[in-house]
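Novice: This is the structure, below, for whatever I ask next.
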């Protein structure tokens, strides 16, 4: 008489030869690539508008300081065109991520138990959500950061005029660096909660190493952000807050695991009796 569990039977039923897995992987990659190319083409059609949206924080700062619209430059004929290509690529990745993530999940799901699939899916959804939260925070913090840089201009009363005229490509690089930094840092709850789910991290450990986490947060902020105190503090403080929220999330995961373990033990006892 077979003693295998239903979820083990599901995995056995989903087993396939290696060549079938390779063919499936190829089809998943092709679909992901089509989604990425489609997202890129669509984004390129609106690349100028997307870039203008990214420039709004800088324009807001300059208008507040001078009452005039901001001025940006490009010093090579192809620079602004290539900048729009980069904008379209980044936007295309964001638009196609749901398709790419879905294809990834559909490829690995047959090799997971039912409870593992249920546990994995929320993290797949939470990853872009938290990245978007980090990017949104950057966007609304940019006026303060750019205002700090713009305040270093000199009007010529001391003999020389120093004016901020950012290049379109360098401005995009700054935005993308900050967005990526905040987006990665905002994955902290997702990563630590996932580690807690598989038993590698506990809430007690997170509380014990809180002081070290605070120091690491400021070090990471100093490395990932531009070399000004405002940018570094703006990244470090949300990171520390996320760490504290992660402790509560990990504790919730632990309590849920304890309840499920208790139910499982009760069910086993009833069966034996």
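Novice: Only one of these conditions is not met by residue 70: (1) surrounded by fewer than 18 Cβ atoms within 10 Å (Cβ to Cβ); (2) out of contact with any strand residue (DSSP E or B) (no Cβ under 8 Å at 6 or more places or on another chain); (3) assigned to a loop (DSSP other than H, G, I, E, B). Which number is it?
Specialist: Residue 70 satisfies all of (1) surrounded by fewer than 18 Cβ atoms within 10 Å (Cβ to Cβ); (2) out of contact with any strand residue (DSSP E or B) (no Cβ under 8 Å at 6 or more places or on another chain); (3) assigned to a loop (DSSP other than H, G, I, E, B) except (1).
Novice: In addition: Give me a count of the residues in segment 14-31 that are modelled with pLDDT under 75 and surrounded by 10 or more Cβ atoms within 10 Å (Cβ to Cβ).
Specialist: So the answer is 3.
Novice: Looking at segment 199-218, can you tell me whether even one residue there is closer than 23 Å to residue 121 by Cβ, surrounded by fewer than 14 Cβ atoms within 10 Å (Cβ to Cβ) and out of contact with any strand residue (DSSP E or B) (no Cβ under 6 Å at 6 or more places or on another chain)?
Specialist: Scanning segment 199-218, I find at least one residue that is closer than 23 Å to residue 121 by Cβ, surrounded by fewer than 14 Cβ atoms within 10 Å (Cβ to Cβ) and out of contact with any strand residue (DSSP E or B) (no Cβ under 6 Å at 6 or more places or on another chain), so the answer is yes.
Conditions (1) surrounded by 14 or more Cβ atoms within 10 Å (Cβ to Cβ); (2) under 19 Å from residue 180 (Cβ atoms); (3) free of Cβ contacts under 8 Å to residues at least 40 places away in the same chain, marked per residue:
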residue: 57; (1), (2), (3): yes, yes, no
residue: 63; (1), (2), (3): no, no, yes
residue: 80; (1), (2), (3): yes, no, no
residue: 99; (1), (2), (3): yes, no, no
residue: 103; (1), (2), (3): yes, no, no
residue: 106; (1), (2), (3): no, no, no
residue: 131; (1), (2), (3): yes, yes, no
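Novice: Here's something else I'd like to know. Could you tell me which of the residues 146, 137 is surrounded by 15 or more Cβ atoms within 10 Å (Cβ to Cβ), under 22 Å from the mean Cα position of the chain (by Cα) and over 30 Å from residue 260 (Cα atoms)?
Specialist: None of the other options fit; the residue is 137.
Novice: If residue 54 passes every condition in (1) in contact with a helix residue (DSSP H, G or I) (Cβ under 7 Å, 6 or more places away or on another chain); (2) modelled with pLDDT under 90 but one, which one does it miss?
Specialist: Going through (1) in contact with a helix residue (DSSP H, G or I) (Cβ under 7 Å, 6 or more places away or on another chain); (2) modelled with pLDDT under 90 one by one, residue 54 breaks only (2).
Novice: Considering only segment 138-175, state which residues are under 15 Å from residue 235 (Cβ atoms) and at pLDDT 85 or above.
Specialist: 138, 139, 140, 142, 174, 175
Novice: For residue 71, are the conditions met, namely being without any contact (Cβ under 8 Å) to a residue 24 or more places away in the chain and over 30 Å from the mean Cα position of the chain (by Cα)?
Specialist: No: the conditions fail for residue 71.
The values are calculated or read from the model by the stated rules, or taken from the named source; none is laboratory data. Please read all numbers here as calculations on a predicted model, not as lab measurements. Note that we place each Cβ from the backbone using ideal geometry, even for glycine, and neighbour counts take in every protein chain shown.
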